[in-house]
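One structure is given below, encoded as structure tokens.
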Amino acid sequence: MSVIQQNLEKVTVVAGVATAAVTSTATSSAIDLLEYDGDVLLILDSAAGGGSSPTLDIKLTESDATSGTYTDLSGATFTQVTGSASMQTLTINKDSSKRFIKIVQTIGGSSPTFTFSINLIGLKKYG
């Protein structure tokens, strides 16, 4: 088995935010980064926003404990989504962040709605 194939077998995809139509601000459950190695990639896939002047802002927060106090993860923010569809990626270094992250989604506008998902792709240390 080649080295590349061995590494691909350790790649894991996790739904940080499952695909859904969202109309209000929310925060995801905690995602434990302990078993990942190096960089972790987050992929935002959003349809165009609906309503009047819709906005979707997404950032990551971090904490040392799953139920601890979460603070903004420096530089971990997607570009604001508005009336156009958007696919974006965001890479964070697991070793430069705290153990747990949450995805914070803030929705604004008049009767806003967004259908989107955020998936996390990472390489497991062991597996």
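The values are calculated or read from the model by the stated rules, or taken from the named source; none is laboratory data. The model shown is predicted, which means the values in this text are computed figures rather than measured ones. For the accessible areas, the whole protein counts, side chains as well, though only heavy atoms, and no ligand, DNA or RNA atoms are used. Shrake-Rupley method; radii C 1.70, N 1.55, O 1.52, S 1.80 Å.
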Task: Over the chain: helical MRE at 222 nm, DSSP H runs n ≥ 4 each giving -39500 (n - 2.57), nearest 500 - done: -1000 deg cm²/dmol
Open item on the list: Ratio of alpha-carbon Rg to the 2.2 N^0.38 Å globular estimate for the chain, to two decimals, please.
Closed with: 1.12
Open item on the list: So, for the chain, what is the accessible surface per residue at a probe of 1.4 Å, expressed in square angstrom?
Closed with: 53
Task: Whole-percent carbon and sulfur share, accessible surface of the chain, 1.4 Å - done: 50
Task: Value of Rg/Rh across segment 41-86 [Cα atoms, Kirkwood radius] - done: 1.09
- [ ] From largest accessible area down, sort THR12, THR77; use a 1.4 Å probe on the protein chains.
- [x] THR77, THR12
